[in-house]
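The values are calculated or read from the model by the stated rules, or taken from the named source; none is laboratory data. Computed from a prediction, not measured in an experiment: that's the story for all the values here. Every residue, glycine as well, gets a Cβ built from its backbone with ideal geometry; the counts of neighbours run over all protein chains shown.
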Amino acid sequence: MSATPLPSSSTVAVIGAGAMGSGIAQIAALAGHEVLLLDTRDGAAASAINAIQSQLTKLADKGRLTPEAAQSASARLCLATSLPELTHAALLIEAIVEDLAAKQSLFVALETLVSDTAILATNTSSISVTAIGAALKRPERLAGLHFFNPAPLMPLVEIVSGIGTDTAIAATLFATAKAWGKTPVHARSTPGFIVNRVARPYYAEALRLLQEGAADVATLDAVMREAGGFRMGPFELMDLIGHDVNFAVTRSVWTAFFHDTRFTPSLIQQELLEGGFLGRKSGRGFYDYREGADKVVAATEAPRVLNAAVTLHGNSEVTAALATRLSNTNTPLVSDAHSSDGRIATVGDAAIFITDGRSATQRAAESGVRNTVLLDLAFDYGSASRIAISCAQQCAPSARDSAIALLQTAGLQVSLMKDVPGLAVMRTVAMLANEAADAVNQGVCSAADVDSAMRLGVNYPRGPLAWAAQIGTETVRDVLQNLVHSYGEDRYRISPRIQQACYAGGGLHD
């Protein structure tokens, strides 16, 4: 449904002057609205207005705003000291504590004060919009308006409809967020909405790999950044968010989905929380941020000398990237257009394959190729600076060293992981795509919106469904199926949308 945004002449009220509320107030003021900012804490709203005005001045000094725009926006910020002062607001945005009872109480009070045409919006990140609206006489005028922190900088806004939300209200909020310079997406009110639901595997698979001893946190972070293309590794990101917050969101989603094993919280993260290791905010988390603490670095294989014959097989993206990377190294290459067993390279006695979700040991046993070396997924094999590999237990040390030498000659730092199914990037991307596909399959959002949400809300290098299309939907299905066989857990069950796409020979955006 198309709609027009709220006119800039309408007043916006923001209740809650914390980081999110202040950021939302700044956005609305810059969009031309009179903004009323209210907080029950003494001096909090006044302090927030001063901070916003200072920030606007800094933006003007840096040339990101004209002085006139900064001054006008500052003048539109108004202090409110009680709810009755908000009666003329056309849009009232709640940004208070994440507590259902507190939010319900606030909206019940607002409903008796504001006009019948006023729109009520909650910035909740995890509480059901339907549940919040259940306390209202007119739940149809309540919707989620979920900004991401820091709100002035992050482009994504989730427009969340509860079961009672009027589609016209959601459409107006969508148009308003767009007019404010944001990229809105529609979501249905289910646990985690889009981003907080679909992002769970990014943390969960890393924690699972750590629990299995696949690699240490610094190595796993480096692999996800330098091979996977993610802006931050999962452990440094959890430390930044805070384990109290990240664990609470995971537990909330897990509980709301009736303890679905796909969202099971990690005992490792729970132990950090119990020990007060909250991340950057407490000085210690997965990393030690205290002054003088030793800096941990990723495990990187020592240099090997390439002294074995190299054959590149097939015409895959990774084969082409290796050929290009090796072209300036004077490495003699033999090209084989066909690859009967799926290998991408043979170097000496080693056969190198892209991981398909099986361990190297299992794959070697089933194929009869004892010197099996598995290569992890990379966002871009041509520009990646690091790659993770694993070797079958049957693999000879000399074959392992030949494979490492080839990758190092191609300019890659190599991290040798324990032989776990799916390695790191591949299993994480497969699970992200699986969760995104399930959200679309269950009518939470559209395929286009889930990809936009994950790129803009958490800075993923590519939307999960677009990534699945790039590596092949059947590849994602096979990786997940092999993870199911390896672990025997419902955690890795395949989304029906992925299964259907494979049967139909189409894509996940069809």
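Being in a loop (DSSP other than H, G, I, E, B), at pLDDT 95 or above and among the hydroxyl-bearing types (Ser, Thr, Tyr) is true for just one of 115, 126. Which residue is that? Don't jump to the end; show me each part of the working.
Working: 126 fails: at pLDDT 95 or above.
Going through 115, 126 in turn, the sole match is 115.
Restricting attention to the stretch 442-462, the residues that are more than 17 Å from residue 189 (Cβ to Cβ) and surrounded by fewer than 24 Cβ atoms within 10 Å (Cβ to Cβ) total 9.
Evaluating residue 5 against the criteria (1) crowded, with 19+ Cβ neighbours inside 10 Å; (2) touching a residue at least 60 places away in the same chain (Cβ under 8 Å); (3) not small (Gly, Ala, Ser) leaves one unmet condition, (1).
Take the conditions touching a helix residue (DSSP H, G or I) at 6+ places or on another chain (Cβ under 9 Å), surrounded by 15 or more Cβ atoms within 10 Å (Cβ to Cβ) and more than 21 Å from residue 416 (Cα to Cα) and apply them to residue 310. Does it pass? Lay out the reasoning, then the answer.
Details: touching a helix residue (DSSP H, G or I) at 6+ places or on another chain (Cβ under 9 Å): yes; surrounded by 15 or more Cβ atoms within 10 Å (Cβ to Cβ): yes; more than 21 Å from residue 416 (Cα to Cα): no.
Against the criterion (touching a helix residue (DSSP H, G or I) at 6+ places or on another chain (Cβ under 9 Å), surrounded by 15 or more Cβ atoms within 10 Å (Cβ to Cβ) and more than 21 Å from residue 416 (Cα to Cα)), residue 310 does not qualify.
Per the listing 297, 305, the residue uniquely surrounded by fewer than 17 Cβ atoms within 10 Å (Cβ to Cβ), hydrophobic (A, V, I, L, M, F, W, C), within 27 Å of residue 246 (Cα to Cα) and not assigned by TED's automatic domain parsing to the domain that holds residue 344 is 297.
When residue 245 is tested against (1) part of a helix (DSSP H, G or I); (2) β-branched (Val, Ile, Thr); (3) surrounded by 21 or more Cβ atoms within 10 Å (Cβ to Cβ), exactly one condition is not met: (3).
Where strands (runs of 3 or more DSSP E) fall wholly inside the stretch 369-438, the ranges with 3 or more residues that are buried (at least 24 other Cβ atoms within 10 Å of the Cβ) are 372-375, 386-391.
A single entry from 112, 122, 117 fulfils the requirement of being within 24 Å of residue 242 (Cβ to Cβ) and among the hydroxyl-bearing types (Ser, Thr, Tyr): 122.
Candidates are the residues of the stretch 261-271 that are over 17 Å from the mean Cα position of the chain (by Cα) and closer than 24 Å to residue 99 by Cβ; the one that is surrounded by the fewest Cβ atoms within 10 Å (Cβ to Cβ) is 270.
Among the residues of the stretch 11-45, write down those that are part of a loop (DSSP other than H, G, I, E, B), over 30 Å from the mean Cα position of the chain (by Cα) and either closer than 21 Å to residue 153 by Cβ or not assigned by TED's automatic domain parsing to the domain that holds residue 65 (or both). Steps first, answer last, please.
Just the residues of the stretch 11-45 that are part of a loop (DSSP other than H, G, I, E, B), to begin with: 16-18, 31-33, 39-43.
If we keep only those that are over 30 Å from the mean Cα position of the chain (by Cα) too, we end up with 32-33, 39-43.
Result: 32, 33.
I'm trying to understand the selection: among the residues of the stretch 51-79, which are among the charged types (D, E, K, R), assigned to a helix (DSSP H, G or I) and either outside the structural domain of residue 151 (by TED's automatic domain parsing) or within 32 Å of the chain's Cα centre (by Cα) (or both)? Break it down into steps so the answer makes sense when it comes.
Step one: list which residues in the stretch 51-79 are among the charged types (D, E, K, R), which gives 58, 61-62, 64, 68, 76.
Keeping just the survivors that are assigned to a helix (DSSP H, G or I) gives 58, 61, 68.
Scanning the stretch 51-79 gives a single hit, 58.
If we scan the stretch 258-268, do we find a residue that is within 30 Å of residue 128 (Cα to Cα), touching a Leu at 6+ places or on another chain (Cβ under 9 Å) and touching a residue at least 60 places away in the same chain (Cβ under 8 Å)? Within the stretch 258-268, one or more residues are within 30 Å of residue 128 (Cα to Cα), touching a Leu at 6+ places or on another chain (Cβ under 9 Å) and touching a residue at least 60 places away in the same chain (Cβ under 8 Å).
What residue, of 9, 54, 22, is touching a helix residue (DSSP H, G or I) at 6+ places or on another chain (Cβ under 8 Å) and hydroxyl-bearing (Ser, Thr, Tyr)?
Details: 9 fails: touching a helix residue (DSSP H, G or I) at 6+ places or on another chain (Cβ under 8 Å); 54 fails: touching a helix residue (DSSP H, G or I) at 6+ places or on another chain (Cβ under 8 Å).
Every option except 22 fails the conditions.
Go through the stretch 157-214 and report how many residues are aromatic (Phe, Trp, Tyr) and farther than 30 Å from residue 360 by Cα. Can you show your working first?
Residues of the stretch 157-214 aromatic (Phe, Trp, Tyr): 174, 180, 193, 202-203.
Filter again for farther than 30 Å from residue 360 by Cα, leaving 174, 180, 193.
Counting residues in the stretch 157-214 that are aromatic (Phe, Trp, Tyr) and farther than 30 Å from residue 360 by Cα gives 3.
Scanning the stretch 280-308 for residues that are over 18 Å from residue 222 (Cα atoms) and not in a loop (DSSP other than H, G, I, E, B) yields 280, 281, 282, 284. All conditions in (1) surrounded by 21 or more Cβ atoms within 10 Å (Cβ to Cβ); (2) under 31 Å from the mean Cα position of the chain (by Cα); (3) closer than 19 Å to residue 179 by Cβ hold for residue 48, with the sole exception of (3). Only a single criterion out of (1) at pLDDT below 95; (2) farther than 25 Å from residue 487 by Cα; (3) not basic (Lys, Arg) is not satisfied by residue 256, namely (2). Of all the residues in the stretch 137-192, those that are in a loop (DSSP other than H, G, I, E, B) and among the small types (Gly, Ala, Ser) number 6.
Look at the stretch 279-302 and say how many of its residues are closer than 21 Å to residue 353 by Cα and over 30 Å from the mean Cα position of the chain (by Cα).
The total comes to 0.
Out of 494, 498, I need the residue that is surrounded by 23 or more Cβ atoms within 10 Å (Cβ to Cβ), β-branched (Val, Ile, Thr) and modelled with pLDDT of 95 or more. Which one?
Working: 494 fails: surrounded by 23 or more Cβ atoms within 10 Å (Cβ to Cβ).
Only one candidate qualifies: 498.
Taken together, 238, 224 contain a single residue that is under 19 Å from residue 148 (Cβ atoms), crowded, with 24+ Cβ neighbours inside 10 Å, of a type in the set (A, V, I, L, M) and not assigned by TED's automatic domain parsing to the domain that holds residue 185, which is 238. When restricted to residues that are assigned to a helix (DSSP H, G or I), of a type in the set (Gly, Ala, Ser) and touching a residue at least 60 places away in the same chain (Cβ under 8 Å), the stretch 441-498 contains 6.
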